[in-house]
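Structure first, then comments.
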């Protein structure tokens, strides 16, 4: 049996908590075959991002075509794309691929380090988001992309409408930065799904956005509907946050293998 195949197009996190590394760990944990297109290399640890170097568009395009043209994919996930040139190239590639695309419009790291050039924002709005089956911005990324600020749960609908205006089929507004329980809104502009989970008292949450988007892509690759894939992904990420652990002197990662550990115990 060949497992469903998911391709992540994202940056490398040398600390192993986010980016390509988090994506592949998530895919393994959820029973799909993960493949990667590396768009940038970062020097990164629990304290922040010390450096970032984007790859040439030709290298990104070659990696993508190498995987898709031979192995094929059932879903694609995008993360750190860094520049307008990379955003536009990746948008073109996923638009020409017959598979659902989960777009995590990565703007800043967990520590506040910029991972997307300001000049690339318009390309994200006009090229990348229209190619997305599901877009998964957090509240800071909603501000970057739309100017809409979310201060309370009631604002999530307005944020979702602003992102949907750029053309993704579905948007998941991640409300994790709001106080209280962790509430997200998934909508296509018609149907609404409110996802709620208890907030865990754990500061080690590095990689949550990458992990969630990869989990959604894994669900879609298995043939689940968007709501089914997002609900399952939310459950997986909630468990990973609860099991997050200290690493280095700063913010540690979520535990992508928490279900494996539960089985062993």
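What follows is calculated from the coordinates using simple rules that are stated; it is not laboratory data. None of these values were measured; they are calculated from a predicted model. For neighbour counting, all protein chains shown are included, and Cβ atoms are generated from backbone atoms with ideal geometry for every residue, glycine included.
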* From the square roots a ≥ b ≥ c of the eigenvalues of the alpha-carbon gyration tensor of the range 5-264, which class results: rounded (a/c under 1.5), prolate (a/b over b/c), or oblate? -> rounded
* Over the chain: helical MRE at 222 nm, DSSP H runs n ≥ 4 each giving -39500 (n - 2.57), nearest 500 -> -10500 deg cm²/dmol
* Structure fact -> quick shape note, the range 146-246: Cα extents on principal axes in Å, largest first -> 39, 35, 18
* **Within a Gaussian network of the chain (alpha carbon springs, distance under 10 Å), most fluctuating of 76, 183, 143** => 143
* Structure fact -> Relative contact order of the range 161-256 (C-alpha contacts under 8 Å, at least 6 apart) in percent is 22 percent
* Asked: What residue among 66, 14, 218 shows peak mean-square fluctuation when the chain is described by a Gaussian network model with Cα springs under 10 Å?
  -> 66
* To do: Assign one of three labels to the range 83-171, namely rounded, prolate or oblate, based on the Cα gyration tensor with a ≥ b ≥ c the square roots of its eigenvalues; rounded applies when a/c is under 1.5, prolate when it is not and a/b is larger than b/c, and oblate otherwise.
  => oblate
* Structure fact -> Per its Cα gyration tensor (rounded if a/c is under 1.5, else prolate when a/b beats b/c, else oblate), the range 17-59 is best filed as oblate
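As a test, work out the antiparallel percent of DSSP beta bridges whose residues both lie in the chain, rounded to the nearest 5.
Of those bridges, close to 45 percent are antiparallel.
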* To do: Using a Förster distance of 45 angstrom, determine the FRET efficiency expected from the C-beta separation of residue 57 and residue 242, and round it to 0.05.
  => 0.70
* Please work out the C-alpha center-to-center distance from the range 124-173 to the range 28-52 and express it in whole Å. => 23 Å
* Top of 130, 56, 253 by mean-square fluctuation, Gaussian network on the chain, Cα under 10 Å -> 56
* Structure fact -> Relative contact order in percent for the range 5-264 (Cα pairs under 8 Å, 6+ apart) equals 19 percent
* Asked: Quick one: Kirkwood hydrodynamic radius for the range 197-265, alpha-carbon pairs, angstrom, one decimal?
  -> 12.5 Å
